[in-house]
Amino acid sequence: MRTYDGMLVVLSAPSGCGKTTIVKQVMANLPGLVFSVSHTTRSPRAGEKDGQDYYFVDRDEFKAICDQQPSGFIEWAEVHGNLYGTGRQGVEEQRAAGLDVLLDIDVQGAEQVRRAADPVTVFIAPPSLDELGRRLRGRGSEDEKTIALRLNNAGKEMQAAADYDYLIVNDVLGEAVESLRSILIAERLRRRRTLTGESVDLE
């Protein structure tokens, strides 16, 4: 029986769009998905755990991984003054096991992954920049200067949405969750797999 590697799924969104909530809800009811834990040099936010949300490292550690090519990062970028990167080895091992790997990366990282692989790409956008600003302020974790920077970057990031395979506007959370779930199922079927991710034996 022929087996198929898992998909590489790139998810990008401006900060505050609700991407993490969407991903968690999809993963809770669709088997065969695994979330790639990225490395970052930024400090943990309240409730974040090392090895679960991110691998929190300093800049020297991050640079050392970058130098481990070709086995280091599949992509990395500097965002809001912090470094973020996706480890190649873990992604390849998970895909070889038939799992679909979700990468939560920005538009810079997405372009690097496109050059290195053939990912399914999904951009998650807010209904508007005004609504995004309201959501960012509602988190209460950043000052107005930081929010202004994030909104400015969001406007630039949204211009790249046309380069993605799919666009989801997170206006109603339940609809956004179902949209991502439907995309993943459709892409599995296109790759001769069942909706839960198993290879289909037609021989």
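The values are calculated or read from the model by the stated rules, or taken from the named source; none is laboratory data. Note that the coordinates shown come from a computational prediction; the quantities given were computed from them, not determined experimentally. Virtual Cβ from ideal backbone geometry, glycine too; neighbours counted across all protein chains shown.
Checking ILE74, ILE65 one by one, the residue that is among the β-branched types (Val, Ile, Thr), over 18 Å from the mean Cα position of the chain (by Cα) and buried (at least 18 other Cβ atoms within 10 Å of the Cβ) is ILE65 and no other.
Count of segment 1-37 residues, restricted to those that are surrounded by fewer than 16 Cβ atoms within 10 Å (Cβ to Cβ) and among the charged types (D, E, K, R), is 2.
For segment 124-136, indicate whether the set of residues that are crowded, with 18+ Cβ neighbours inside 10 Å, touching an Asp or Glu at 6+ places or on another chain (Cβ under 8 Å), in a helix (DSSP H, G or I) and at negative phi is non-empty. Yes, segment 124-136 has at least one match. Residues that are of a type in the set (Gly, Ala, Ser) and not in a loop (DSSP other than H, G, I, E, B) were ranked within segment 92-111; the one that is modelled with the lowest pLDDT is GLY109.
The single condition from (1) under 22 Å from VAL26 (Cβ atoms); (2) without any contact (Cβ under 8 Å) to a residue 12 or more places away in the chain; (3) surrounded by 13 or more Cβ atoms within 10 Å (Cβ to Cβ); (4) not charged (D, E, K, R) that LEU167 fails is (2). Selection of first residues in segment 77-97 that are within 21 Å of VAL107 (Cα to Cα) and touching a residue at least 24 places away in the same chain (Cβ under 8 Å) and of second residues that are in a strand (DSSP E or B) and aromatic (Phe, Trp, Tyr), restricted to Cβ pairs under 7 Å at least 6 apart or on distinct chains, gives the following pairs, ordered by first then second residue: ALA77/TYR84; LEU83/TRP76; TYR84/TRP76; GLY85/PHE73; GLY85/TRP76; THR86/PHE73; GLY87/PHE73.
The residue of segment 137-151 that is nearest to the chain's Cα centre (by Cα), among those that are closer than 17 Å to ALA46 by Cβ, modelled with pLDDT of 80 or more and exposed (fewer than 13 other Cβ atoms within 10 Å of the Cβ), is GLY138. A Cβ distance below 7 Å, combined with a sequence gap of six or more or placement on separate chains, defines the contacts here; from segment 182-199, residues that are assigned to a loop (DSSP other than H, G, I, E, B) reach residues that are at pLDDT 90 or above and surrounded by fewer than 17 Cβ atoms within 10 Å (Cβ to Cβ) in the pairs LEU195/ILE185; LEU195/LEU189; THR196/PRO31; GLY197/PRO31; GLY197/GLY98. Where residues in segment 77-94 are closer than 16 Å to SER15 by Cα and out of contact with any Lys or Arg (no Cβ under 7 Å at 6 or more places or on another chain), which of them is surrounded by the fewest Cβ atoms within 10 Å (Cβ to Cβ)? Among them, the one singled out is GLY81. Looking at GLU157, GLU93, GLU111, GLU144, just one residue is acidic (Asp, Glu) and touching a Pro at 6+ places or on another chain (Cβ under 6 Å), and that residue is GLU157. In segment 15-44, the residues that are under 25 Å from GLY133 (Cα atoms) reach residues that are of a type in the set (A, V, I, L, M, F, W, C) and part of a loop (DSSP other than H, G, I, E, B) with C-beta atoms within less than 6 angstrom, at least six apart or across chains, in these pairs: LYS19/ALA13.
Name every residue in segment 60-84 that is among the charged types (D, E, K, R) and part of a loop (DSSP other than H, G, I, E, B), in order of residue number.
Residue satisfying the conditions is ASP67 alone.
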